[in-house]
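Since every read-out is calculated from the coordinates, none of them should be taken as a lab result. None of the values given here were measured: they were computed from a predicted structure. Neighbour counts run over all protein chains shown; Cβ positions are idealised from the backbone, glycine included.
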Amino acid sequence: MYGSHLSIAGGLNNALDEAARLKLETVQVFTRNQQQWQAKELEPQAIAAFRRQAASLHFKDMVAHDSYLINLASGDESLRQKSIASFSQELWRCSQLGIKYLVTHGGSHGGDGEEVGLARIADSLNKVIAQAPPDVVLCLETTAGQGASLGWRFEHWAQVIKAVGHAASIGICLDTCHVLAAGYDITTRRGTEAMLGEFDRHIGLERLRVFHLNDSRRELGSRVDRHTHIGHGYVGLDAFAVIVRDGRFKSTPKILETPKGVAPDGQTWDAINLRVLKTLERGKRPALVALPEDTKVAKVAIKEKAPLRGRKKSARNDKKVTVKA
Ligand SMILES: [Zn+2]
Ligand SMILES: [Zn+2]
């Protein structure tokens, strides 16, 4: 089941309109402005319109991503409490809209260490779950481990799940860009299968409820989160071929969080990336559409080799086109 993270600018239904144009089977959205703490309550008409359109598209397993302001691991107690309240509200918004999964990065320990941070996330989730709607699955996302963010090792989320009561309502979202950046070598079929085996051992594949399918602009183990188009980064095509051809994941939402925009040939990049995934699913090798020169990934250790000016430019480009989710 394929989907994409689509914009709700101008209204929640805009994401569904675009999903329909792309012939997707599901969608990922923010249910609110993700850069503000305050969110207006959803209007009953907006809820009804969203539900009506989702039903007519037969979208059952929709996904939402939480606000980037939320940090369930924060050492600043007032910020953590605010995060718990805000995250709970987001779960209820999902419930109102008929969205099944709410994905979160969990949070960052801010220098206090991973053990302390993981304990704070478990405590936060216990509070969240105590007042959560029964029909939404909270999904912890595997992260790139940038800065002090948690969840870049499968052991992290295994530990949190263990420490949370009523963990039945917790799932995992596996992001291919993030796992590579975190150091799991998924550059080959065998490596991808080994990664899934490791996931199964630590967490259990039954908890894998959502995929984020993104290639990575940064190399294996870089711990830097930069998405790029499928097949154009350090992940390469093999990992995607394994995931989309695995029958166990047939009905698992697979969400693109790759850069938006239109390729030189006039097609949207979402349409191109979808075609690549569907070609892989049929067991064929897709032809890749060339990237614009300035977004190509130079397969060298970018940090050391790129001149400063080039680096700054590419960082700016990332900001413009990358969904940092
Ligand atoms: Zn990301
Ligand atoms: Zn993601």
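Of the beta bridges DSSP finds with both residues in the range 34-189, what % are antiparallel, to the nearest 5?
Values: 1 of 12 bridges.
Of the beta bridges lying entirely in the range 34-189, close to 10 percent run antiparallel.
Residue by residue, the range 250-267 carries 3J(HN,Hα) couplings of 3, 9, 7, x, 10, 9, 7, 10, 7, x, 8, x, 10, 6, x, 7, x, 7 Hz when phi is fed to the Karplus relation 6.51 cos²θ - 1.76 cosθ + 1.60 (θ = phi - 60°); x denotes Gly or Pro. In the elastic network of the chain, a GNM with C-alpha springs shorter than 10 Å, the most mobile of ARG201, ARG226, ARG80 is ARG201. Spin-label model, ALA168 to ASP185: label points 7 Å out along the Cα-to-beta-carbon direction sit 4.1 nm apart.
Mean residue ellipticity at 222 nm from the helices of the chain, using -39,500 (n - 2.57) per DSSP H segment of n ≥ 4 over the full residue count, to the nearest 500 deg cm²/dmol? Write out the running numbers ahead of the final one.
Working: 11 runs with 132 residues, N = 325.
Here the helix-only value at 222 nm equals -12500 deg cm²/dmol.
Spin-label model, ARG275 to VAL262: label points 7 Å out along the Cα-to-beta-carbon direction sit 1.5 nm apart. Which of the three applies to the chain, rounded, prolate or oblate, going by the alpha-carbon gyration tensor with a ≥ b ≥ c and a/c under 1.5 meaning rounded? Rounded is the answer for the chain, as its axis ratio a/c remains below 1.5.
Counting only DSSP beta bridges with both residues in the range 2-321, what percent are antiparallel, rounded to the nearest 5?
Details: 4 of 28 bridges.
Bridges in the range 2-321 that DSSP calls antiparallel: roughly 15 percent.
Charge dipole (Cα centre; +1 on Lys/Arg Cβ, -1 on Asp/Glu Cβ; no other charges) of the range 92-136 amounts to roughly 280 debye. The length gained by stretching the chain between SER251 and ASP135 to full extension, at 0.36 nm per residue less their Cα-Cα distance, is 40.0 nm. The HN-Hα couplings worked out from phi for the range 271-277 by the Karplus form 6.51 cos²θ - 1.76 cosθ + 1.60 (θ = phi - 60°) are 4, 5, 5, 5, 4, 4, 5 Hz, whole numbers, x standing for Gly and Pro. Amide hydrogen proximity for LEU208: with H placed 1.01 Å from N in the peptide plane, the residues at 5 or more positions away or on another chain lying under 5 Å are ILE172. Bridging of LYS40 to aspartates and glutamates at a Cα separation below 16 Å is possible for ASP66, GLU90, once same-chain residues fewer than 8 apart are set aside. Here the Karplus relation 6.51 cos²θ - 1.76 cosθ + 1.60, evaluated at θ = phi - 60°, turns the backbone of the range 135-144 into coupling constants of 9, 10, 9, 7, 10, 7, 8, 5, 10, 7 Hz, with x for every Gly and Pro.
Springs join every pair of Cα atoms under 10 Å in this Gaussian network model of the chain, and among ASP238, ASP175, ASP215 the largest mean-square fluctuation is at ASP238.
In the chain, a dipole from Cβ-located charges (positive for Lys and Arg, negative for Asp and Glu) runs towards its positive end, and of GLY10, ASN214, ALA271 it is ALA271 whose Cα lies farthest in that direction.
Distance from the alpha carbon centroid of the range 29-52 to that of the range 150-215 works out to 29 angstrom. One chain, two ends: LEU69 and GLU155. Fully extended at 0.36 nm per residue, the span grows by 28.5 nm beyond their Cα-Cα distance. For the set LYS60/LYS254; LYS254/LYS284; LYS82/LYS127; LYS82/LYS254; LYS260/LYS296, the pairs lying more than 22 angstrom apart at their alpha carbons are LYS82/LYS254.
Cut-off 11 Å, label point 7 angstrom out along Cα-to-Cβ of ARG51: give me the residues of the range 93-115 whose amide nitrogen falls inside. Within reach of a label on ARG51: 95-99. Please compute the modelled spin-label separation between HIS58 and TRP37, points set 7 Å along Cα→Cβ, answer in nm with one decimal. Placing both labels 7 Å beyond Cα along the Cβ direction yields 4.4 nm.
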